[in-house]
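Read through the structure below, which is laid out as structure tokens, and then see the notes.
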Amino acid sequence: MSLGGGKGGVGKTFLSSNLSAVLARSGKRVVAIDTDLEGANLHTWLGVAPPARSLADYVAGRETDVQGLPVETPIPGLKLITGTHGHLSMPQPDAETRARLLADLRGLNCDVVLIDCGAGAHPATVDYFLAGDDALIVLHPEPTSIENGYSFLRAAFYRRMELVMRKGDVRSLVREAMDQRNALGIRTPHDLLREVEAMDPEEGRRFREEMGGFRPRIVVNEVASAEDVKLGFQVRMVCRRFFGMDAEYTGYVNRDEAVREAVNLRRPVTDIRPQSDAAVYVRRIARKLLEAMP
Ligand SMILES: Nc1ncnc2c1ncn2[C@@H]1O[C@H](COP(=O)(O)OP(=O)(O)O)[C@@H](O)[C@H]1O
Ligand SMILES: [Mg+2]
């Protein structure tokens with residue numbers, strides 16, 4: 001499972017920490033991983049001191065086995081792979097390293113791997129997001145977050161299509177189309193579909209299938225009005241019209257002072273203030289995620 005959103009400060013790490021805590025408390029063996037190598041702070045939300053080994057060591061080649069990275073958290077059943085130790089900022093891993101990382105994560109002995117993505121739409125961030133069987137796009141009810149959210153979904157959409165296309169020339173076409181001002185005049189995923197179909201009908205069929213198969217989940221965080229709640233439905237509609245993808249609006253979380261209280265205590269809000277609005281809404285989202293799990 002992955003949480004992304006394009007913009008920083010929208011609540012990805014708040015939700016990552018709390019959802020992983022709720023999933024663990026409901027009996028799942030969870031490993032949460034902080035892939036934000038520029039501002040790793042998931043450990044703080046979970047009350048874990050920066051451990052001796054982190055994802056940064058794996059990326060730098062100092063640690064070759066992912067199995068050695070998870071450390072215990074105060075929450076039974078929840079382990080954590082921290083991003084960096086100290087305040088280091090690390091360059092993103094290259095495509096080969098992150099493909100190996102994602103394959104290795106699948107080999108971890110647990111029920112759920114929860115990936116907290118950093119901000120921005122760096123190819124590494126997009127690949128982490130796409131690795132989730134469930135991919136949650138976290139939005140904040142303000143235009144900047146919506147804008148970054150769409151750019152992020154767009155990048156994820158094109159990257160996913162590139163990865164599933166089998167023929168070299170079609171893949172290059174998809175890569176080229178990713179640039180919004182490409183010379184081919186391809187502006188939307190539907191334009192691209194037409195081009196792919198014209199180039200290679202079999203790849204066209206795969207493209208069409210994949211379009212429908214990509215189902216990110218939408219979560220709106222720090223909701224403060226009924227208008228804010230509606231935002232998830234609007235984004236869902238745009239996803240359908242523009243990308244032909246069937247996103248699910250999985251839920252929203254109210255703006256709640258209890259969140260700040262919780263992070264100050266370095267504990268999940270679902271643990272210290274289980275009756276707060278934030279905790280109630282997080283549990284509701286977790287329930288839907290649990291229902292979708294095997
Ligand atoms: N539902 C909420 N209510 C109140 N404050 C929130 C809520 N969600 C997040 N915050 C605050 O917003 C800040 C940014 O959240 P964070 O999860 O670190 O964002 P991201 O990981 O997307 O950069 C946090 O410091 C937190 O205190
Ligand atoms: Mg974060």
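The values are calculated or read from the model by the stated rules, or taken from the named source; none is laboratory data. Not measured: the values here are computed from a predicted model. Positions of Cβ are generated from backbone atoms using ideal geometry, with glycine treated the same way; all protein chains shown enter the neighbour counts. Just so you know, the surface numbers come from the protein's heavy atoms only, side chains and all, with ligands and any DNA or RNA stripped out. Shrake-Rupley method; radii C 1.70, N 1.55, O 1.52, S 1.80 Å.
Here is how the numbers come out for the structure above:
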quantity	calculated
Helix axis angle, 226-238 relative to the chain longest principal axis, alpha carbon, degrees	40 degrees
Separation of alpha-carbon centers, region 78-148 and region 150-199, rounded to whole Å	23 Å
Accessible-area order (highest first, 1.4 angstrom probe) of the listed residues 147, 210	147, 210
Check: the chain dipole with +1 on Lys, Arg Cβ and -1 on Asp, Glu Cβ, in debye	500 debye
Too-long pairs where the Cα-Cα distance tops 21 Å, listed order kept, from 28/288; 7/288; 28/230; 7/79	7/288; 28/230; 7/79
Residue among 158, 186, 170 farthest towards the positive dipole end of region 89-233, charges placed on Cβ	170
Dipole axis of the chain (+1 Lys, Arg; -1 Asp, Glu on Cβ), positive-most option in 49, 144, 78	78
Table column - 3J(HN,Hα) (Hz), region 241-250, Karplus curve with 6.51, -1.76, 1.60, x for Gly and Pro	5, 7, 9, x, 10, 9, 6, 10, 7, 7
Cα-based radius of gyration of region 1-79 once divided by 2.2 N^0.38 Å, which approximates compact folds	1.09
Integer Hz, Karplus 6.51/-1.76/1.60 couplings in order for region 273-283, x for Gly and Pro	9, x, 9, 5, 3, 4, 5, 4, 6, 4, 5
Cβ-placed point charges (K, R +1; D, E -1), dipole of region 78-232 about Cα centre in debye, nearest 20	220 debye
Along each principal axis, Cα extent of region 195-272, largest first, Å	57, 27, 15
For residue 48, net neighbour charge (Lys/Arg +1, Asp/Glu -1) across residues whose Cβ lies under 12 Å away	+1
Amide H contacts of residue 115 (H built 1.01 Å from N, under 5 Å, at least 5 apart or other chain)	2, 3, 33
Sites residue 29 and residue 60, calculated FRET efficiency, Cβ-Cβ separation with R0 25 Å, nearest 0.05	0.35
Cut-off under 5 Å, modelled amide H: who pairs with residue 248 long-range	217, 218
Between 0 and 90°, nearest 10: helix 95-106 axis offset from the chain longest Cα axis	50 degrees
Extended-chain gain in nm, criterion 0.36 nm per residue less alpha-carbon gap, residue 261 and residue 237	5.1 nm
Accessible-area ranking of 105, 163, largest first, probe 1.4 Å	163, 105
Angstrom value of the Kirkwood radius, inverse mean 1/r, which spans all Cα pairs in the chain	19.6 Å
Solvent accessible area, Å² - residue 72, 1.4 Å probe, full protein context	120 Å²
Over region 131-284, equivalent-ellipsoid semi-axes from the Cα gyration tensor in Å	37, 15, 13
Whole-number percent relative contact order across the chain, with pairs defined as alpha carbons under 8 Å at least 6 apart	21 percent
Chain lengthening between residue 184 and residue 103 when straightened (0.36 nm per residue, less Cα-Cα)	25.7 nm
Placed amide H near residue 139: partners under 5 Å, 5+ positions off or other chain	219, 220, 221
0 to 90° range, to nearest 10: angle between helix 12-25 axis and the chain longest Cα axis	60 degrees
Only Lys, Arg (+1) and Asp, Glu (-1) charged, at Cβ; region 1-98 dipole about Cα centre in debye	420 debye
